Amino acid sequence: MIGSKVIRTTYCSYNNPVFQALRFGRFGGYERPMADGDTKPQSTREATREAAKTATKSTAMFGKGFLYDLWYFAALSSELKPGKLQRYEMLGEPVLIGRTQAGVAYALRDICPHRAAPLSAGALIRDAQGAEAVQCPYHGWTFRAADGVCSSIPSLVEGQGLDSERIRVRAYPIRESQGLVFVYMASDPRTPEIAAEPPTFEGVVGGAPKIVERMDFDSHIDQAVVGLMDPTHGPYVHQQWWWRSSTRQLVKAKRFEPREMGFAMAAHAPSKNSRAYRILGGAPQTEITFRLPGYRWEHVKVGDKQVLALTCLTPVTETVTRITQVMWSDHWAFSLLKPVIRAGARIFLKQDGDMVNLQNEGLKYDPALIWIDDADKQAKWYQALKKAWTAHRETGAPFVNPVEAMVLRWRS
């Protein structure tokens, strides 16, 4: 078929070496206590890096593995309360995210290396040195929130030579920006060299987010990403009187440009059959941007007023992806019509989730998928971006964005 591409997809496997290492604890602690109270290294740094490199090779495959050395959205800053321990799962890894009484966010692997109890079931205390630490609920081992180092093992008695500070749980780099919390998932957990800082988004205005909606999709992040960026499913999946109809479709021509670690549909007037924009009045201009590993945001300007609709895709496991939609605005419509806009966002998410479930009925047979130009060009760009990022991290060569500026045309 001219202008098309056949993509092989397969169901995701848990055989990824890095995933297995995380799952079975090889990245969970630098030392493992032995029966006699001694310690020994679990793995060498070289072996860890080799496992990460081997696993990275599979992350560019569509529908398999994850991208590493990137910031993933975890939570809203307002959701982290001082002293509260919260358990998350990200990229198949249990992560404890919390905030110290001093107000500093932290993230630790949510497995105690002693007997595997979740640390999030414990408590935040001050250890003997005065540092804020997470205390395991099982045997009281404490791990400093700042770096994951074990600062206390209560069962030890005088004369037993175990140095608790040789034991640690994985501490993830964590950042707060614009009221959002990001966690950095490194390919080498022992030496997480941060490749870049988290993204910032133009249009965070009007104070706290006006709308926040979440839903877990039963799909790999790749399927969720290409589904949400797909420009032609709207008239069929999102048929509402206030949005679009399958009986009234128009030919669209939109200019796309490369952006940092992604691409954007350049600023343009919304399509005439996108009725929801009419509530904003005036002459709105909208720009839609995508960035690795899974951020898609629409920034709308109407005169001096703005709307930002950010969608964050966070892999929970190989087969579950959390979709978080956050909207900011200083436009009057978001004060007056907030319940209506929230209901619309929920409807859209549910419709997309229902379609994912329906799509899974076909994907379980591992079919070949046909991606066509121009309607599926964004999906092709996403796959090319994944490959470019993987090559960058494997070889150390500069990241080169493969997206070229062009106009895409489709009917929807």
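Annotations for the structure displayed:
- Candidate set: the range 83-109, residues that are within 14 Å of Gly148 (Cβ to Cβ) and without any contact (Cβ under 8 Å) to a residue 40 or more places away in the chain; chosen: the one nearest to the chain's Cα centre (by Cα): Pro94
- Residue in the range 187-205 that is in contact with a helix residue (DSSP H, G or I) (Cβ under 8 Å, 6 or more places away or on another chain) and over 30 Å from Lys64 (Cβ atoms) present: no
- Residue match in the range 268-291 (condition: in a loop (DSSP other than H, G, I, E, B), surrounded by fewer than 18 Cβ atoms within 10 Å (Cβ to Cβ), touching an Asp or Glu at 6+ places or on another chain (Cβ under 9 Å) and at pLDDT below 95): no
- Residue within the range 56-64 that is part of a strand (DSSP E or B) and not small (Gly, Ala, Ser) present: no
- Any strands (runs of 3 or more DSSP E) falling wholly within the range 294-412 and containing at least 3 residues that are in contact (Cβ under 8 Å) with a residue 60 or more places away in the chain and surrounded by 15 or more Cβ atoms within 10 Å (Cβ to Cβ): 295-302, 305-315, 321-329, 368-372
- Taken over the range 100-118, the criterion of being buried (at least 20 other Cβ atoms within 10 Å of the Cβ), of a type in the set (A, V, I, L, M, F, W, C) and under 21 Å from Leu76 (Cα atoms) is satisfied by Ala107, Leu108.
- Residue check, Asp147 within 30 Å of Trp389 (Cβ to Cβ), in a loop (DSSP other than H, G, I, E, B) and out of contact with any Ser or Thr (no Cβ under 9 Å at 6 or more places or on another chain): yes
- Enumeration of residues in the range 370-384 that are under 15 Å from Lys64 (Cα atoms) and of a type outside the set (Gly, Ala, Ser): Tyr382, Gln383
- Residue match in the range 178-188 (condition: closer than 30 Å to Asp352 by Cα, touching a residue at least 60 places away in the same chain (Cβ under 8 Å) and surrounded by fewer than 16 Cβ atoms within 10 Å (Cβ to Cβ)): yes
The values are calculated or read from the model by the stated rules, or taken from the named source; none is laboratory data. Owing to the predicted nature of the structure, the values given are computational and were not obtained by experimental measurement. Cβ sites come from the backbone with ideal geometry, for glycine too, and all protein chains shown count toward neighbours.
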